[in-house]
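The values are calculated or read from the model by the stated rules, or taken from the named source; none is laboratory data. This structure is a prediction, so every number in the text was calculated from the model and none was measured. Please note: Cβ atoms are built from the backbone with ideal geometry, for glycine as well, and neighbour counts cover all protein chains shown.
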């Protein structure tokens, strides 16, 4: 019984000291699912602390499951062909900055709430995310992303992919 109690106390101590954002020099990796209208895929991001409440990072996403679109053929408008998005339509990469608010609003050290802005291949946008760490190295994250200014291309058929409201959820790791 003493061994079980000791083990529970040691595990609890690890949870108490977990910190979601430590400021300058802190590094985080997020890996998870990206969900949006018309497709779903994977997202990976890395954030690096450069101040007590400020970080920069990079995020990349790739849509694996994308709905195909039927378009009229050029020969007969009553005949349709199925179009699939190319790699450039499925992939997006962004540079981002975050305001890490946990210490500023004095909430649980294991929780990090971070609004931010991003500049990507498809748009200039914003995001609101949160991370919760169960231990010093492992936690979960969720993010909501949205475009503020969209970039146009000649391929209007798939411009909406990675250029709309997105929801991401997954695992977060300290480096």
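Restricting attention to region 78-114, the residues that are surrounded by 16 or more Cβ atoms within 10 Å (Cβ to Cβ), within 15 Å of the chain's Cα centre (by Cα) and under 19 Å from residue 160 (Cβ atoms) add up to 3. Is it fair to say residue 132 is farther than 20 Å from residue 24 by Cβ, in contact (Cβ under 8 Å) with a residue 40 or more places away in the chain, outside any loop (DSSP other than H, G, I, E, B) and out of contact with any helix residue (DSSP H, G or I) (no Cβ under 9 Å at 6 or more places or on another chain)? Criteria met by residue 132. Exactly one residue out of 144, 117 is surrounded by 15 or more Cβ atoms within 10 Å (Cβ to Cβ) and touching a residue at least 12 places away in the same chain (Cβ under 8 Å): that is 117. Between 70, 61, 135, 102, the distinction of being touching a strand residue (DSSP E or B) at 6+ places or on another chain (Cβ under 8 Å) and modelled with pLDDT of 90 or more belongs to 61 only. Any residue that is surrounded by 15 or more Cβ atoms within 10 Å (Cβ to Cβ), touching a helix residue (DSSP H, G or I) at 6+ places or on another chain (Cβ under 8 Å) and part of a strand (DSSP E or B) - is there at least one of those in region 41-59? Within region 41-59 (the criterion being surrounded by 15 or more Cβ atoms within 10 Å (Cβ to Cβ), touching a helix residue (DSSP H, G or I) at 6+ places or on another chain (Cβ under 8 Å) and part of a strand (DSSP E or B)), the answer is yes, since at least one residue qualifies. For region 86-94, the criterion of being at pLDDT 95 or above and closer than 26 Å to residue 51 by Cβ is met by at least one residue.
Residue under question is residue 20, and the condition is that it be at pLDDT below 90, in contact with a strand residue (DSSP E or B) (Cβ under 7 Å, 6 or more places away or on another chain), more than 20 Å from residue 164 (Cα to Cα) and surrounded by 15 or more Cβ atoms within 10 Å (Cβ to Cβ); does it hold?
yes
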